[in-house]
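Have a look at the structure below before the remarks.
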Amino acid sequence: MIELQQAVAKALDASPGATTSQLALDLGVSEASVVAALPDNMSVPLDIDLLDELMAELPEWGPMTTIVFAGGSVFEFKCPFPKGKSAYGYYNLMGKHGFEGHLKLDNVGSIYLVSRAHRGAESHSFQFFTHRGELVFKLFLGRDKARKLLPEQLQRFAQYRSKAQPEKVES
């Protein structure tokens, strides 16, 4: 893990704006491994036992940006994270803004709280990965019309960060 942390640090020094997915490709590791290797001020793991609590609470946070990567394409949903309920082995999202779907929460092996600048702006996200280190989705804190992060979301994010695991797990 120390070698990967050093490789990630070196890659970020060379290209501070590099995405974690690009770093993973360049380094030949999973994206979750790269996220785990980010400096502690950028990434901390959340105990997977908090997944159900987080999923139940997220719809109350207000507008956020959910990003799903599939086959080289990027899908963005800029709306409140939908409420959901568990049934038939899935967490069924019941969105009112065209954002619906079915999450296989049993496949989520790690969650990271990531704080990295994006195009020069402060950015914070929850990132969900499978047990094999593959990205499931990223959920970014919302912004107001002036592109400022929403203060109440920042406060809630900080609360989850305080619950984060003291040590990183290797994915």
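The values are calculated or read from the model by the stated rules, or taken from the named source; none is laboratory data. The structure presented is a predicted model; accordingly, all values stated were derived computationally and were not measured. We place every Cβ from the backbone using ideal geometry, glycine too, and count neighbours over all the protein chains shown. Please note that ligands, DNA and RNA were not included when accessible areas were found on the heavy atoms of the full protein model with its side chains. Shrake-Rupley method; radii C 1.70, N 1.55, O 1.52, S 1.80 Å.
The table below lists the values:
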quantity	calculated
Some residue of the range 69-82 being assigned to a loop (DSSP other than H, G, I, E, B), touching a residue at least 12 places away in the same chain (Cβ under 8 Å) and open to solvent by 40 Å² or more (accessible area, probe 1.4 Å)	no
Identity of the residue in the range 83-102, aliphatic (A, V, I, L, M) and more than 26 Å from V44 (Cβ to Cβ), that ends up surrounded by the fewest Cβ atoms within 10 Å (Cβ to Cβ)	A87
The range 42-74: number of residues that are under 27 Å from R147 (Cβ atoms) and either in contact with a Ser or Thr (Cβ under 7 Å, 6 or more places away or on another chain) or of a type in the set (F, W, Y) (or both)	3
Those residues of the range 85-121 which are hydroxyl-bearing (S, T, Y) and touching a residue at least 24 places away in the same chain (Cβ under 8 Å), in sequence order	Y91, S110, Y112, S115
Residue match in the range 14-33 (condition: in contact with a Leu (Cβ under 6 Å, 6 or more places away or on another chain), among the β-branched types (V, I, T) and surrounded by 20 or more Cβ atoms within 10 Å (Cβ to Cβ))	no
Residue under evaluation P63, criteria (1) open to solvent by less than 30 Å² (accessible area, probe 1.4 Å); (2) in contact with a strand residue (DSSP E or B) (Cβ under 8 Å, 6 or more places away or on another chain); (3) not hydrophobic (A, V, I, L, M, F, W, C), criterion not met	(1)
Enumeration of residues in the range 116-141 that are of a type in the set (G, A, S) and in contact with a Lys or Arg (Cβ under 8 Å, 6 or more places away or on another chain)	A121, S123, S125
Given (1) among the β-branched types (V, I, T); (2) out of contact with any helix residue (DSSP H, G or I) (no Cβ under 9 Å at 6 or more places or on another chain); (3) under 25 Å from K163 (Cβ atoms), number of the condition V74 does not satisfy	(3)
Number of the condition not met by F126 [criteria: (1) among the hydrophobic types (A, V, I, L, M, F, W, C); (2) part of a strand (DSSP E or B); (3) at pLDDT below 95]	(3)
Residues of the range 103-133 classified as on the phi < 0 side of the Ramachandran plot and exposed (fewer than 15 other Cβ atoms within 10 Å of the Cβ), total	9
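Table: residues versus (1) β-branched (V, I, T); (2) within 17 Å of the chain's Cα centre (by Cα); (3) closer than 17 Å to G62 by Cβ.
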residue: G89; (1), (2), (3): no, no, no
residue: F99; (1), (2), (3): no, no, yes
residue: G120; (1), (2), (3): no, no, no
residue: F137; (1), (2), (3): no, yes, no
residue: G142; (1), (2), (3): no, yes, yes
residue: P151; (1), (2), (3): no, no, yes
